[in-house]
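The next block holds one structure in the form of structure tokens; read it before the comments.
The values are calculated or read from the model by the stated rules, or taken from the named source; none is laboratory data. Remember, it's a predicted structure, so these values are computed and weren't measured experimentally. Counting neighbours? That spans all protein chains shown, and the Cβs are built from the backbone with ideal geometry, glycine included.
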4 protein chains.
Amino acid sequence: MAQDCPSRALEPEHVQRLLLSSQEAKKSAYCPYSHFPVGAALLTGNGLIFSGCNVENACYPLGTCAERTAIQKAISEGHKDFRAIAISSDLQDDFISPCGACRQVMREFGTDWAVYMTKADGTYVVRTLQELLPASFGPEDLQKI
Amino acid sequence: MAQDCPSRALEPEHVQRLLLSSQEAKKSAYCPYSHFPVGAALLTGNGLIFSGCNVENACYPLGTCAERTAIQKAISEGHKDFRAIAISSDLQDDFISPCGACRQVMREFGTDWAVYMTKADGTYVVRTLQELLPASFGPEDLQKI
Amino acid sequence: MAQDCPSRALEPEHVQRLLLSSQEAKKSAYCPYSHFPVGAALLTGNGLIFSGCNVENACYPLGTCAERTAIQKAISEGHKDFRAIAISSDLQDDFISPCGACRQVMREFGTDWAVYMTKADGTYVVRTLQELLPASFGPEDLQKI
Amino acid sequence: MAQDCPSRALEPEHVQRLLLSSQEAKKSAYCPYSHFPVGAALLTGNGLIFSGCNVENACYPLGTCAERTAIQKAISEGHKDFRAIAISSDLQDDFISPCGACRQVMREFGTDWAVYMTKADGTYVVRTLQELLPASFGPEDLQKI
Ligand SMILES: [Zn+2]
Ligand SMILES: [Zn+2]
Ligand SMILES: [Zn+2]
Ligand SMILES: [Zn+2]
């Protein structure tokens, strides 16, 4: 199964901590337009957690997602090495998955890290970035011209 | 192999026409910042082609990609049923692939249509949206809350 | 008053043609999430009109506005010299104005052209880009470092 | 002059603290494509400072600006009442100003707060959101249909 697992899989207690952080972050969501709160929690290579929520705008295209908020927070605090991200929403029966834009922002910082997609009850599925954004365009492609 | 093919696969002459349109569209690219021109050509269910190029901005996040330009053009002309999109760049040795944001915009209009990713010499690989954006979030998910 | 007028002010019949185009374009709006249709019509230096509508996405930040759709269409057809843009919505009592993102995209192609902001009854106010985005950041600023 | 000043003008020491924070934040900028680092520092109504930097992406449109990073950080930590934001870049001879997208994101949280635009030497000009995004579209406009 090795090929299905991120190379640096998380210990169960780390996973739980990350899921709880993403659920907690969801409470700060600013989503007066979609009424669809989302939270995310990002684990760095040195064990820190940065969390984010969606932040919407009256001009819908100017909003941003929870996952990107978390990543931009980490970068702005000097962290670029990511191990995993967890995502939470109020969906009861579906695992909330990152949008394509968030997958591309995650992919800027590597393809071999883990995305935990959860249901409201805390159950989850996990995929690598590589699995969620196959055949991706990335930083190295810009060098080729 | 049926599961690897979009349900409404294109005839070779349609594919060639689509590739040529995407290469032609690339010539209009406005990319003074990346110097990385991209063209796209979108085939609708009733056989029309809408093409687009990347349009960049001095404030980089305000640019847009060729694929999205093509899709928004089609929508603005009243077309929402898409069969295939072809993408062209100047990359010699790599098949140019859509970014995550474009995959999400494509996915709004279905998961079972074809993305032709080309090299500069016109060779290509083809994938469905479903393959390029697995476990995707889409319009129906917003109804579930 | 010269300073309040774009240097290349439109003749009344051109204005009417542009307003009608923007109202017509509004009919193609894909806005199942906001239910707020918007249309735009862009006049090029050589007298062509390109129109656009808003195109939303289940992941709200991936939508785009009518004004940007119109501009990207024009660019993708080889036109970069713009004289004026008109914007229409269903607002009865307010002149629909462009969001900040659209103002920045417009500004990439000059500061001295006209934005016609309309009410549903076709009355309008007109401002230059310079007035709508004062003290703007633009292409020349990137050269300064 | 009252009309030129935000209603809750900052004391000089607050301004200096804010400028220094924005300059410090600039050091974390992830800008391998533009090589144009920007920092921002946001002051909340209760005196907290949240800072941000630009975070770019190989797919340029997926990057974000320093100002938006700072605002999204504050929101994700539960703060929505903003007094002022300062912006820093490496421009020697020009006051760095926010792009239109950032102005729209700022405007979501009020029009009567202050934007400090600085040169590399720390000199600045200050404008309100209202001045930087006149005739703006905002949350209340969505209610009107
Ligand atoms: Zn997202
Ligand atoms: Zn793209
Ligand atoms: Zn807009
Ligand atoms: Zn900005």
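Since C:TYR30 meets every condition but one in (1) within 16 Å of the chain's Cα centre (by Cα); (2) within 23 Å of A:CYS65 (Cα to Cα), which condition does it not meet? With respect to (1) within 16 Å of the chain's Cα centre (by Cα); (2) within 23 Å of A:CYS65 (Cα to Cα), C:TYR30 is out only on (1). Only one of the numbered conditions (1) under 18 Å from C:GLY45 (Cβ atoms); (2) part of a strand (DSSP E or B) is violated by C:ILE87, and that is (1). Taking A:GLU67 as the residue in question, decide whether it is within 16 Å of ligand 3 (Cβ to nearest atom), charged (D, E, K, R), more than 28 Å from B:HIS35 (Cα to Cα) and modelled with pLDDT of 95 or more. For A:GLU67, the condition - within 16 Å of ligand 3 (Cβ to nearest atom), charged (D, E, K, R), more than 28 Å from B:HIS35 (Cα to Cα) and modelled with pLDDT of 95 or more - is not met. Among the residues making up segment C:6-27, those that are of a type in the set (S, T, N, Q) and under 16 Å from the mean Cα position of the chain (by Cα) are C:GLN16, C:SER21, C:SER22, C:GLN23. With respect to D:GLU108, determine if the residue is of a type outside the set (A, V, I, L, M, F, W, C), under 16 Å from the mean Cα position of the chain (by Cα) and within 16 Å of ligand 3 (Cβ to nearest atom). Judged against the criteria, D:GLU108 is a match. Within segment C:61-84, being part of a helix (DSSP H, G or I) and more than 16 Å from ligand 2 (Cβ to nearest atom) holds for C:ALA66, C:GLU67, C:ALA70, C:ILE71, C:LYS73, C:ALA74.
I'm trying to understand the selection: among the residues of segment B:97-139, which are assigned to a loop (DSSP other than H, G, I, E, B) and facing chain A (nearest Cβ under 7 Å)? Outline the logic, then answer.
Here is the first cut: in segment B:97-139, the ones assigned to a loop (DSSP other than H, G, I, E, B) are B:97-99, B:108-113, B:119-123, B:133-138.
B:SER97, B:CYS99, B:LEU133, B:PRO134, B:ALA135, B:SER136, B:PHE137, listed by residue number.
Among residues belonging to segment C:14-27 that are away from ligand 3 (no atom under 15 Å from the Cβ) and not aliphatic (A, V, I, L, M), point out the one that is surrounded by the most Cβ atoms within 10 Å (Cβ to Cβ). Steps first, answer last, please.
Of all residues in segment C:14-27, those away from ligand 3 (no atom under 15 Å from the Cβ) come to C:14-21, C:23-24, C:27.
If we keep only those that are not aliphatic (A, V, I, L, M) as well, we get C:14, C:16-17, C:21, C:23-24, C:27.
Working: C:HIS14: 15, C:GLN16: 13, C:ARG17: 16, C:SER21: 21, C:GLN23: 18, C:GLU24: 14, C:LYS27: 11.
Filtering first and then ranking leaves C:SER21.
Taking the criterion of being under 15 Å from the mean Cα position of the chain (by Cα), part of a loop (DSSP other than H, G, I, E, B) and not hydrophobic (A, V, I, L, M, F, W, C), the residues of segment D:33-60 that qualify are D:PRO37, D:GLY45, D:ASN54. Tallying residues that are more than 13 Å from the chain's Cα centre (by Cα) and either within 22 Å of C:PRO98 (Cβ to Cβ) or touching a residue at least 60 places away in the same chain (Cβ under 8 Å) (or both) within segment D:91-105 yields 0.
For (1) among the polar types (S, T, N, Q); (2) over 29 Å from B:LYS144 (Cα atoms), each residue gets a yes or a no:
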{"position": "A:ILE96", "(1), (2)": "no, no"}
{"position": "A:MET117", "(1), (2)": "no, no"}
{"position": "A:ALA120", "(1), (2)": "no, no"}
{"position": "A:THR123", "(1), (2)": "yes, no"}
{"position": "A:SER136", "(1), (2)": "yes, yes"}
{"position": "A:PRO139", "(1), (2)": "no, yes"}
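Return the residue satisfying two criteria in turn: it lies in segment A:45-68 and is closer than 20 Å to C:PRO61 by Cα, of a type in the set (Gly, Ala, Ser) and more than 14 Å from ligand 1 (Cβ to nearest atom), and of such residues it is nearest to the other protein chains (Cβ to nearest Cβ). Selected residue: A:ALA58. Among the criteria (1) of a type in the set (Asp, Glu); (2) within 16 Å of ligand 4 (Cβ to nearest atom); (3) in contact with a Ser or Thr (Cβ under 7 Å, 6 or more places away or on another chain), the one C:GLU108 does not fulfil is (3). Step by step: first the residues of segment A:28-44, then only those that are touching a Phe, Trp or Tyr at 6+ places or on another chain (Cβ under 7 Å) and surrounded by fewer than 24 Cβ atoms within 10 Å (Cβ to Cβ), then the one that is farthest from the other protein chains (Cβ to nearest Cβ). Which residue is that? By that ranking, first place goes to A:THR44. Taken together, the criteria place D:PHE137 among residues that are of a type in the set (Phe, Trp, Tyr), farther than 17 Å from B:ALA58 by Cα, more than 11 Å from the chain's Cα centre (by Cα) and within 16 Å of ligand 3 (Cβ to nearest atom). May I ask you to list the residues in segment B:106-120 that are closer than 16 Å to A:SER136 by Cα and surrounded by fewer than 19 Cβ atoms within 10 Å (Cβ to Cβ)? Selection gives B:LYS119 alone.
Number of residues in segment A:68-99 that are small (Gly, Ala, Ser) and farther than 17 Å from A:VAL115 by Cβ equals 2. Inspect segment C:91-114 for any residue being away from ligand 2 (no atom under 16 Å from the Cβ) and at positive phi and give the result as yes or no. Scanning segment C:91-114 turns up at least one residue that is away from ligand 2 (no atom under 16 Å from the Cβ) and at positive phi. Looking only at segment D:121-136, decide whether some residue is in contact (Cβ under 8 Å) with a residue 40 or more places away in the chain, surrounded by 24 or more Cβ atoms within 10 Å (Cβ to Cβ) and away from ligand 1 (no atom under 16 Å from the Cβ). No, segment D:121-136 contains no residue that is in contact (Cβ under 8 Å) with a residue 40 or more places away in the chain, surrounded by 24 or more Cβ atoms within 10 Å (Cβ to Cβ) and away from ligand 1 (no atom under 16 Å from the Cβ).
Residues in segment D:54-96 that are surrounded by fewer than 23 Cβ atoms within 10 Å (Cβ to Cβ) and of a type in the set (S, T, N, Q): D:GLN92 alone. Screening A:SER76 on (1) touching a Leu at 6+ places or on another chain (Cβ under 7 Å); (2) closer than 30 Å to D:GLU24 by Cβ; (3) polar (S, T, N, Q) shows it passes everything except condition (1). Here A:ILE71 clears all of (1) away from chain B (no Cβ under 11 Å); (2) over 11 Å from the mean Cα position of the chain (by Cα) except the condition numbered (2).
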